[in-house]
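Please read the structure below before turning to the comments.
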Amino acid sequence: KRRADEIQKIADELSLLNSTKDKFFSIIAHDLRNPFITILGFTDLLLTDYKELNESEVMFYLEEMKKSAEISHNLLQNLLQWSRSQTGRIEFHPAKINLKNLVNVNLELLQPSATNKEIEIKSEVEESLYVFADEDMLNTIIRNLITNAIKFTPIGGKITVASKEIGKYAEISVTDTGVGMSESTISNLFKLDSTHSTLGTNQEAGTGLGLILCKEYIEIMGGKIWATSTKAEGTVFYFTVKSVKE
């Protein structure tokens, strides 16, 4: 029995390694390739037809190139952090952090993306709430969850980041008025071998890798992540981290 359990454990680990490898190559082959095709295609157009293009056409191509560059940059950041976590090279440095300040920094960073879609984005995080967390990991989690909310919220929507204390933990929520998800989509959100690209309301690309990274970081910090959603009404992502009493 013990021998059989050990063999099963090795088989499970190999299966996970294979799904990790397959996911990595699918991201490289598809999701990283597409933004570069856009950038290269529009660069060629600008170089060959520049004199024939009017100002609004030039601006359109430049904006599309910028969007593609941002998609590539975000994906590369997540890929780099995820690959480090897979090889055990991730560094964990927890410290006392004011949650509201950290959330505000990320809201400012992502405000231009929200403004482009006329999305109202606000923080209802408590002023005096401190958490015991790794700052880089927490920034990555907050940034990914807000970016996802922007992606799946239509023009004129609303996103709210809120918090509450539950015992020794802080529960943070990111609520959107977006397209929502089915039960089957929610059940596969944090599974490496089940993730797939879903286009946002403005055809924004994505891989699902950001959510897997969020889950890994939250679990390293001793917390949990989950989501609730209603199709066509919106989604709420929740996660917990340890709170610190002042």
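The values are calculated or read from the model by the stated rules, or taken from the named source; none is laboratory data. Keep in mind it's a predicted model, so treat the numbers as computed, not measured. With ideal geometry, Cβ positions are generated from the backbone for all residues, glycine too; neighbour counts draw on all protein chains shown. The area values use the complete protein model at the heavy-atom level, side chains included, leaving out ligands, DNA and RNA. Shrake-Rupley method; radii C 1.70, N 1.55, O 1.52, S 1.80 Å.
Using a 1.4 angstrom probe on the protein heavy atoms only, could you order 51, 224, 215 from most to least accessible area?
Per-residue accessible area, sorted high to low, gives 51, 224, 215.
What fraction of the DSSP beta bridges in the chain is antiparallel, stated in percent and rounded to the nearest 5?
Expressed as a percentage, antiparallel bridges in the chain total about 85.
Of 61, 74, 125, which is farthest towards the positive pole of the chain's charge dipole, taken about the Cα centre with +1 and -1 on the beta-carbons of Lys, Arg and Asp, Glu respectively?
In the chain, that residue is 125.
How much length is gained on full extension from residue 37 to residue 7, taking 0.36 nm per residue of separation minus their Cα-Cα distance?
Gain on stretching residue 37 to residue 7: 6.4 nm.
Given the peptides 87-98, 232-243, 163-174, arrange them by the average over their residues of other C-beta atoms within 10 Å, most packed first.
232-243, 163-174, 87-98
Over all pairs of distinct alpha carbons, what does the Kirkwood formula give as the hydrodynamic radius of the stretch 31-141, in Å?
The answer is 17.2 Å.
Probe 1.4 Å, all protein chains in place: accessible area of residue 36 in Å², nearest 10?
Solvent-accessible area, nearest 10 Å²: 90 Å².
What is the P(r) of the chain, as percent of Cα-Cα pairs per 5 Å bin from 0?
Whole-percent P(r) values from 0 Å outward: 1, 6, 12, 15, 17, 16, 13, 8, 5, 4, 2, 1, 0, 0, 0, 0.
First measure r as the distance between the Cβ atoms of residue 15 and residue 60, then evaluate 1/(1 + (r/R0)^6) with R0 = 41 Å and state the FRET efficiency to the nearest 0.05.
0.35
Which whole-number percent of Cα pairs in the stretch 147-196 have a distance greater than 13 Å?
Summing the P(r) tail past 13 Å for the stretch 147-196 gives 68 percent.
Evaluate the distance, in nm, between pseudo-label points positioned 7 Å from the Cα of residue 126 and of residue 49 along their respective Cα→Cβ axes.
Here the answer is 5.7 nm between the modelled labels.
Can you give me the span-like helices of the chain, meaning DSSP H runs with 20 Å or more of Cα extent along the axis and Kyte-Doolittle mean at or above -0.5?
33-49, 99-116, 135-151
Along the positive direction of the dipole of the stretch 135-197 (beta-carbon charges: Lys, Arg +1; Asp, Glu -1; about the Cα centre), which of 159, 172, 182 reaches farthest?
159
What's the local net charge at residue 58, with K and R +1, D and E -1, over the other residues with C-beta under 13 Å away?
So the surrounding residues net to -4.
Over 27 Å between C-alpha atoms is what I'm after, so list which of 96/117; 117/191; 122/224; 96/224 land there.
96/117; 117/191
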